[in-house]
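Notes to accompany the following structure.
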Ligand code: NAD
């Protein structure tokens with residue numbers, strides 16, 4: 001399929017994933033033509049199926065770790081390829097590290113070759129386990145490369161370092177989005193996260209299993225807000241990492257109640273011991289994003305959950 005000329009061209013690696021597919025939608029909506037590159041390791045063709053007949057959208061099957069051919073000028077590359085959920089990134093830790101290292105070099109080289117801007121999707125996980133919250137960008141983090149989760153957060157720290165090195169060495173215009181826990185339509189319900197489990201249980205009419213007393217909190221950012229932040233960051237000039245996430249904390253119990261109520265369920269809950277691998281959601285300090293980009297999340301958790309559940313209900317069980 002040939003692309004329309006004269007409009008900016010964005011490449012989205014990992015564009016068939018949860019965040020990437022929403023980013024493709026938003027870029028197309030803003031007037032970009034978009035090339036999505038994905039190997040469908042954790043993403044799905046179904047996430048971009050609605051774009052199949054959009055002439056300014058192109059889907060390329062490719063593995064960023066093997067290098068990639070894009071046969072035309074590129075204005076901006078959003079590098080999102082790589083597993084995000086613990087259930088995915090721990091499956092094959094070597095492959096997780098390869099995409100964050102070799103895959104990121106390949107994406108950076110493509111940006112350099114085309115004189116394109118480069119935006120990295122990094123993660124709040126790079127702050128590690130035992131840090132003060134809310135996390136600020138100048139928080140150096142506290143990670144242990146050999147604790148079993150190193151394949152994810154060390155690799156992502158390396159990707160941030162690489163991106164910074166391309167900026168300082170080659171003057172490549174770069175941006176780094178440190179993304180915190182994001183949810184919304186097309187999120188994977190089998191990714192082992194608490195919210196995914198609540199939604200799955202509520203849709204199935206099962207009681208919601210609440211870890212601990214439910215008084216622990218989470219900070220959840222709706223996907224449209226996160227995508228708006230990533231796009232704003234990519235079009236700015238600031239090369240350092242910027243937190244993109246919600247600073248508002250909500251208790252697990254209130255999330256469970258909202259999910260049950262929106263799903264039209266009785267809200268029966270079972271309190272269980274927290275699963276050992278349950279991801280603790282960090283809370284960002286977003287002063288920098290506010291100051292640089294005027295960005296902050298706009299969607300309330302209640303509204304975001306309502307949209308998310310409505311989407312899953314419409315999508316039916318094939319997505320669950
Ligand atoms: P996702 O798993 O839905 O999307 C990742 C996409 O990358 C998938 O479509 C997958 O098939 C693709 N991919 C994986 N390896 C690839 C490779 N070698 N070559 C080409 N494509 C490949 O995850 P997501 O939630 O959309 O996350 C996207 C990015 O944002 C990830 O880099 C993730 O670390 C980061 N992030 C997400 C969150 C969140 O809450 N969702 C939080 C922090 C950071």
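We did not get these values from a lab; they are worked out from the coordinates using the rules stated. Every value quoted in this text rests on a predicted model; they were computed, and no experiment measured them. For neighbour counting, all protein chains shown are included, and Cβ atoms are generated from backbone atoms with ideal geometry for every residue, glycine included.
Test of understanding: extend the Cα→C-beta vector of residue 302 to 7 Å, then name every residue of the range 245-262 with backbone N under 17 Å from that spot. Backbone N within reach: 248-262.
In plain terms, the chain from residue 206 to residue 165 could stretch by 9.8 nm, reckoned as 0.36 nm per residue minus the Cα-Cα distance. Please determine, in degrees from 0 to 90 and to the nearest 10, the orientation of helix 18-30 with respect to the longest principal axis defined by the Cα atoms of the chain, where the helix direction is its Cα long axis. Helix 18-30 sits at roughly 60 degrees to that axis. Is any residue of the range 55-75 close enough, with backbone N under 19 Å, to a label point placed 7 angstrom from the Cα of residue 102 along the Cα-Cβ axis, and if so, which? Inside the label zone: 61-70.
Note on the range 46-136: Cα-Cα pairs beyond 21 Å make up 46% of the total pair count. Converting the Cα gyration tensor eigenvalues of the chain into ellipsoid dimensions via √(5λ) gives semi-axes, longest first, of 31, 23, 18 Å.
Relative to one another, the C-alpha centroids of the range 200-243 and the range 25-97 are positioned 20 Å apart.
Counting neighbouring Cβ atoms within 10 Å and putting the fewest first, the residues 265, 117 line up as 265, 117.
Comparing 229, 150, 31 in a Gaussian network model of the chain, where Cα atoms under 10 Å apart are tied by springs, the biggest mean-square fluctuation is seen for 31.
Working value for the range 179-320: equivalent-ellipsoid semi-axes of 28, 17, 12 Å, each the square root of 5 times a Cα gyration tensor eigenvalue, largest first.
Each stretch of four or more DSSP H residues adds -39500 (n - 2.57); spread over every residue of the chain, this sum gives -10500 deg cm²/dmol at 222 nm. Helix 150-170 versus the longest principal axis of the chain: what is the Cα-based angle in degrees, 0 to 90, to the nearest 10? Its long axis makes an angle of about 30 degrees. Please work out whether the range 12-79 counts as rounded, prolate or oblate from its C-alpha gyration tensor, where a ≥ b ≥ c are the square roots of the eigenvalues and a/c under 1.5 means rounded, while otherwise a/b larger than b/c means prolate and anything else oblate? Because a/c hits 1.5 or more and a/b fails to exceed b/c, the range 12-79 counts as oblate. On a 0 to 90° scale, report how tilted helix 252-262 is relative to the longest principal axis of the chain, with both axes built from alpha carbons and the result rounded to the nearest 10. Between the helix axis and the principal axis of the chain, the angle is about 90 degrees. Residues 187, 269, arranged from fewest to most other Cβ atoms within 10 angstrom of their Cβ, appear as 269, 187.
Maximal additional length on extending the residue 254-residue 237 stretch stands at 2.3 nm, based on 0.36 nm per residue less the C-alpha distance. Of 79, 22, 29, the sequence from fewest to most neighbouring Cβ atoms within 10 angstrom is 29, 22, 79. Beta bridges per DSSP, both residues in the chain: antiparallel share near 10 percent. Gaussian network model of the chain, Cα springs within a sub-10 Å range: biggest mean-square fluctuation belongs to which of 245, 148, 214? Of 245, 148, 214, the Gaussian network model singles out 148 as fluctuating most.
Could you tell me the relative contact order of the chain? Use alpha-carbon pairs under 8 Å, at least six residues apart, and round to a whole percent. The value is 16 percent.
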